[in-house]
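Since the structure comes first, as structure tokens, the remarks are kept for the end.
Nothing in this text is a laboratory measurement; each read-out follows from the coordinates by a stated rule. No experiment lies behind these values; they were computed from the predicted model shown. Note that we place each Cβ from the backbone using ideal geometry, even for glycine, and neighbour counts take in every protein chain shown.
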2 protein chains.
Amino acid sequence: MTETFVIAQGGGPTAVINQTLAGAVIEARQRYPGARVLGARHGVRGIRDGNFVDLSGLTEQELRLLAATPSAALGSTRDKPDAAYCETILKGLRQAAATAFIYIGGNDTAGTQQILADAAGSDIAFVHAPKTIDNDLVENDHTPGFISAADFIAGAFVGVDLDFRALPGIYVGIVMGRHAGFLTTAAAAWQPDEESGPHLVYVPERAFSAAHFIEDVRAVVSRYGRCIVAMSEGVTAQDGRSVVENLVPSDRLERDAHGNVRLSGGDLGMAIEQALKDGLPKVRARVDTFGYLPRGNVNTISPTDAREAFEAGAFAVEAAARGGGSVALQYVGGATSPRLVPLASVAGKTRHLPDNFLVPEGNRISAECRAYLQRLVPKRFELAKPFV
Amino acid sequence: MTETFVIAQGGGPTAVINQTLAGAVIEARQRYPGARVLGARHGVRGIRDGNFVDLSGLTEQELRLLAATPSAALGSTRDKPDAAYCETILKGLRQAAATAFIYIGGNDTAGTQQILADAAGSDIAFVHAPKTIDNDLVENDHTPGFISAADFIAGAFVGVDLDFRALPGIYVGIVMGRHAGFLTTAAAAWQPDEESGPHLVYVPERAFSAAHFIEDVRAVVSRYGRCIVAMSEGVTAQDGRSVVENLVPSDRLERDAHGNVRLSGGDLGMAIEQALKDGLPKVRARVDTFGYLPRGNVNTISPTDAREAFEAGAFAVEAAARGGGSVALQYVGGATSPRLVPLASVAGKTRHLPDNFLVPEGNRISAECRAYLQRLVPKRFELAKPFV
């Protein structure tokens, strides 16, 4: 029987998600000469609609170029299939004579694969290959896409700290991250010493209080004459809701098919800036919301991230041969390699920052977090200490 | 007599402004063995206050590390000296026994040098060395700092276009630039074809109309299914004032010592997003304000920009020997090199995008602009064409 792999990409793109796609295609063709490899456009929507790209005939050179291109080349989707939608996906997979379906994405994507696997029986292998800049998949030491985005964040905060030494003031950079603060902590990855920014880090894992925030900033400004802050877009209020949900009138809140409130707008930044103006009226304060800039940025593609993403894709083909499951990047014996874990252990679960990755006050990273970042996001520049 | 160079940095930092500083120090010491080189902290403020760093004894290695470090290592200032302030600066320069004062900055900085030169007589040579990400200095083909910032912008828009192919919608990226749109046009520097973003470009040189903007976006969305927009923070309303000035209540407007209204906040982005929601309610729309991320970013330091900035600093020492003036990067016979021009020809003047750098409709770059960008900001990546 001819092996037929269907591959799709789901959720927010990353800088290296096409590495995983290319890795799967190359491995599938090597392992099963003559195999068909079909790419579904816009995730499961392409399977439902029979909208496929035949990837079988691409040259190695074309696939390497594809791999080096950021963001989901097949298109992505935020569709969250219900039972009826899953039926149409299964029908689409069977019409395509799929023997395996590899879906590259985050924990929502893993959840979709689990629903499909449960409904399908054993004639198709369902594989989830990991991808997310949020680094929030359980079972994974880290996820493909995280390191490249972290390089962007780390470099941005190096530049901003130097900028706000030259022209002092308060700076807040707001970073993507709904429930997990990993990417926000990357702001401190290249911090050379305690006196350099970011001086304060706020993540969704700790309740955020505007009053405490202002006092934290005041203390840093009085000590260093400036204050650099990294803040997750998903910072959470005392009531457990995101600060954005509390800020934006409910008729203006946007939600996706997964029920997630849109956090990437300017509302949090405007509110933080106003809080700083009110609380510290004499100090110049600037807030930037990084938005979409970190996640698929062509200027900060990490070679390590690219390699690991490619390997995760190649391993997904091995995982299909073993009946399916979720590919997880694990760190064992000083090296990262992909392993196979059950879909159920990843699906719909969120990995949070370990408790000990923050200092007890919750507003700076700990030595444990710094060691993790130094392993994954090593500094790529030697810089001089400024004279101010 | 011992030569004594005083060097300072003014205005917004760039990724390569310390190259210019290091170039001046190295050249001064080579040309005048035993010369003293003093760096003034925070621009002319450091001269007024006698707050100097002695740069004479730094090793070549220390200076090379300094050169590679973004943002003004001496600190910067936005002070705009009046006559009395200029007197204190001259007094400070004479107390330091300065024979030359090299001030690295934009057109405001050149203006300060001209006032000082007029007041001082001929015992001190006043030199302006160019620096600005805005690329808005007359007499210059381009300015040190521009190319690195342009690399950031060009790469950002490549990533965003791919992102919004994967998950379609409207994206607006707001880019620094008060009166000149050069940096905003760099969004199109690596655009592979017309179908790729940015599809629309709005700069301060053309009157901005929200109604026309919405119709422009609507047309692109209906053609390509998405729309990527690059917009200058300084876009100008029909009445000649910046759109931000018209949006923000006057009691909330911030102004610097030069009378410039602060444009870098989120107000424009929020207003643009609301206009898109109102005008195209069914299309997902996202707006990012790039803010401080492009200007001193350690991840996008261009080697060309670094070299040219260094050469401008070295040439500033030659300019001092010739009695002072403004260093200008000129493009002659297929090569860029620094030339000496009078301070008066640069001081306080703004170079705008040439008329022919935009198409007649004013909302896209022209072939002339593209040729200029391809010369200065050549593409650094080969990428695949996505399947969507």
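For the protein assembly as shown, the Cβ-based charge dipole about the Cα centre amounts to some 260 debye (Lys, Arg positive; Asp, Glu negative; other atoms uncharged). Around the amide H of residue A:236, modelled in the peptide plane, lie the amide H atoms of A:206, A:208, A:243, all under 5 Å away and 5 or more residues distant in sequence or on another chain. For residue A:222, the point set 7 Å out from Cα toward Cβ sits 6.1 nm from its twins in the other copies, listed from shortest up.
Look at the dipole of the protein assembly as shown built from charges on Cβ: of B:189, A:137, A:21, the Cα furthest out on the positive end belongs to A:21. Here the peptides B:3-11, B:62-70, A:248-256, A:371-379 are ranked by packing, the mean other Cβ count within 10 Å, and the order with the highest first is B:3-11, B:62-70, A:371-379, A:248-256.
When you work out D = kT/(6 pi eta Rh) for the stretch B:207-359 at 37 °C and 0.692 mPa s, using the Kirkwood radius from C-alpha pairs as Rh and the Stokes-Einstein form, the result is 169 µm²/s.
Below 14 angstrom from the Cβ of residue B:215, what's the summed charge of the other residues (Lys, Arg +1; Asp, Glu -1)? Display every interim value, and only then the final one.
On the way: positive: B:218, B:223; negative: B:216, B:278, B:361.
In short, -1.
Of the beta bridges DSSP finds with both residues in the stretch A:36-146, what % are antiparallel, to the nearest 5?
Details: 3 of 9 bridges.
Roughly 35 percent of the beta bridges in the stretch A:36-146 run antiparallel, per DSSP.
Taking other residues whose beta carbon is less than 12 angstrom from the beta carbon of residue B:345, and scoring Lys, Arg as +1 and Asp, Glu as -1, yields +2.
At 10 °C and 1.306 mPa s, what whole-number value in µm²/s does Stokes-Einstein give for the translational diffusion of the protein assembly as shown, with Rh from the Kirkwood sum over Cα pairs?
On the way: Rh = 27.1 Å.
It diffuses with D of about 59 µm²/s by this estimate.
Inter-chain neighbour count for B:42-54: the average number of beta-carbon atoms from partner chains within 10 Å of each residue's beta-carbon is 1. Projecting 7 Å from Cα along the Cα-to-Cβ direction, the label point of residue B:122 sits 9.8 nm from its equivalents in the other copies, listed shortest first.
Remark: mean inter-chain Cβ contacts per residue of B:60-69 equal 3, using a 10 Å Cβ-Cβ cutoff to other protein chain atoms. Backbone geometry of the stretch A:368-384 corresponds, through the Karplus equation with coefficients 6.51, -1.76 and 1.60 at θ = phi - 60°, to 3J(HN,Hα) couplings of 4, 5, 4, 5, 4, 5, 5, 6, 8, 10, x, 5, 10, 9, 9, 10, 7 Hz, x marking Gly and Pro. Expressed in Å, the radius of gyration and Dmax of the Cα atoms of the stretch A:1-152 are 14.5, 45. Of the two radii for the stretch B:242-308, the radius of gyration is 1.12 times the Kirkwood radius, both from the alpha carbons; that is the Rg over Rh value. Per-residue 3J(HN,Hα) values for the stretch B:4-12, derived from phi via the Karplus relation 6.51 cos²θ - 1.76 cosθ + 1.60 with θ = phi - 60°, read 10, 9, 9, 10, 9, 10, x, x, x Hz in sequence order (x marks Gly and Pro). What does the C-alpha gyration tensor say about the overall shape of the stretch B:45-110? Classify as rounded when a/c is under 1.5, otherwise prolate if a/b is larger than b/c, or oblate. Note, shape of the stretch B:45-110 comes out oblate. Expressed as an acute angle from 0 to 90° and rounded to the nearest 10, what is the orientation of the C-alpha long axis of helix A:210-224 relative to the principal long axis of chain A? Result, in degrees: 60. Comparing A:279, A:46, A:234 in a Gaussian network model of chain A (Cα springs below 10 Å), the most mobile by mean-square fluctuation is A:279.
Where chain B is carried onto chain A by rotation, the Cβ closest to that axis, with its residue and distance in Å, is B:266, 2.
What number, rounded to the nearest 500 deg cm²/dmol, is the helix-based mean residue ellipticity at 222 nm of chain B, given -39500 (n - 2.57) per DSSP H run of at least four residues and division by all its residues?
Details: 12 runs with 142 residues, N = 388.
Rounded to the nearest 500, the figure is -11500 deg cm²/dmol.
FRET efficiency for the residue B:239 to residue B:82 pair, using the beta carbon distance and R₀ = 35 Å, is estimated at 0.75. Each Lys and Arg adds +1 at its Cβ and each Asp and Glu adds -1 at its Cβ; summed about the Cα centre, the stretch B:1-127 shows a dipole of about 140 debye.
Under the convention that each Lys and Arg Cβ holds +1 and each Asp and Glu Cβ holds -1, the size of the dipole of the stretch B:319-388 around its Cα centre is about 200 debye.
For residue A:303, neighbours were defined as the other residues whose beta-carbon sits under 11 Å from its Cβ, and their charges (Lys and Arg +1, Asp and Glu -1) total -1. Amide H contacts of residue A:171 (H built 1.01 Å from N, in plane; Pro and chain starts excluded): A:227, A:228, A:229, A:286 sit under 5 Å, all sequence-distant by 5 or more or on other chains. Using the structure shown, list the pairs from A:277/A:349; A:131/A:379; A:277/B:91; B:131/B:379; A:131/A:385 with a Cα-Cα distance above 28 Å, or answer none. Over 28 Å apart, Cα to Cα: A:277/A:349; A:277/B:91; A:131/A:385.
Shortest first, residue B:61 label-point distances to identical copies amount to 4.5 nm, with the label point at 7 Å from Cα along Cα→Cβ.
The angle separating the long axis of helix B:146-166 from the principal Cα axis of greatest extent in chain B is about 20 degrees.
Legend: P(r) of chain A from all alpha carbon pair distances, 20 Å bins from 0, whole percents, reading 29, 52, 18, 1. Taking the inverse of the mean reciprocal distance over all distinct Cα pairs, the Kirkwood hydrodynamic radius of the stretch B:189-231 comes to 11.0 Å. When DSSP beta bridges are restricted to pairs lying wholly in chain A, around 30% turn out antiparallel.
Within the listed set A:158, A:220, A:25, the Gaussian network model of chain A (springs between alpha-carbon atoms below 10 Å) gives the highest mean-square fluctuation for A:220. Beta-bridge orientation, the protein assembly as shown: approximately 30 percent antiparallel, per DSSP, counting only bridges with both partners inside. Annotation: amide H-H contacts under 5 Å for residue B:104 (H modelled 1.01 Å from N, sequence separation of 5 or more, or interchain): B:8, B:9, B:10, B:129.
When the Cα atoms of the stretch A:154-231 are aligned to their principal axes, the ranges along those axes come out at 34, 28, 17 Å in descending order. Computing FRET efficiency as 1/(1 + (r/R0)^6) for residue B:321 and residue A:349, where r is the C-beta to C-beta distance and R0 is 45 Å, gives about 0.05. Farthest towards the positive end of the charge dipole of the protein assembly as shown, among the residues B:50, A:96, B:381, is the Cα of B:381, using unit charges on the Cβ of Lys, Arg, Asp and Glu. Measuring r between the beta carbons of residue A:257 and residue A:307 and using R0 = 45 Å, the FRET efficiency lands at 0.85. According to the calculation over all Cα-Cα pairs in the stretch B:167-294, the P(r) per 5 Å bin from zero is 2, 11, 21, 25, 21, 12, 5, 2, 1, 0 %. For the stretch A:283-351, what does the alpha-carbon gyration tensor say about shape, rounded, prolate or oblate, given a ≥ b ≥ c as the root eigenvalues, a/c under 1.5 as rounded, and a/b over b/c as prolate? It comes out prolate by the Cα gyration axes.
Per-residue 3J(HN,Hα) values for the stretch A:268-279, derived from phi via the Karplus relation 6.51 cos²θ - 1.76 cosθ + 1.60 with θ = phi - 60°, read 4, x, 5, 5, 5, 4, 5, 4, 5, 4, 6, x Hz in sequence order (x marks Gly and Pro).
Considering only B:157, B:213, B:182, the mean-square fluctuation computed in a Gaussian network model of chain B, springs between alpha carbons under 10 angstrom, is largest for B:213. log₁₀ I(q)/I(0) of the stretch B:226-276 at q = 0.13, 0.15, 0.28 Å⁻¹, via Debye over equal Cα point scatterers, no solvent, to two decimals? Normalising to I(0) and taking log10 leaves -0.32, -0.43, -1.26. Any idea what angle helix B:17-31 forms with the longest principal axis of chain B, computed on alpha-carbon atoms, 0 to 90 degrees, nearest 10? The angle comes out near 30 degrees. Counting only other chain Cβ atoms within 10 Å of each residue's Cβ, the peptide A:149-161 averages 5. Sorted on the mean count of surrounding Cβ atoms within 10 Å across their residues, most packed first, peptides B:308-317, A:187-196, A:314-323 read B:308-317, A:314-323, A:187-196.
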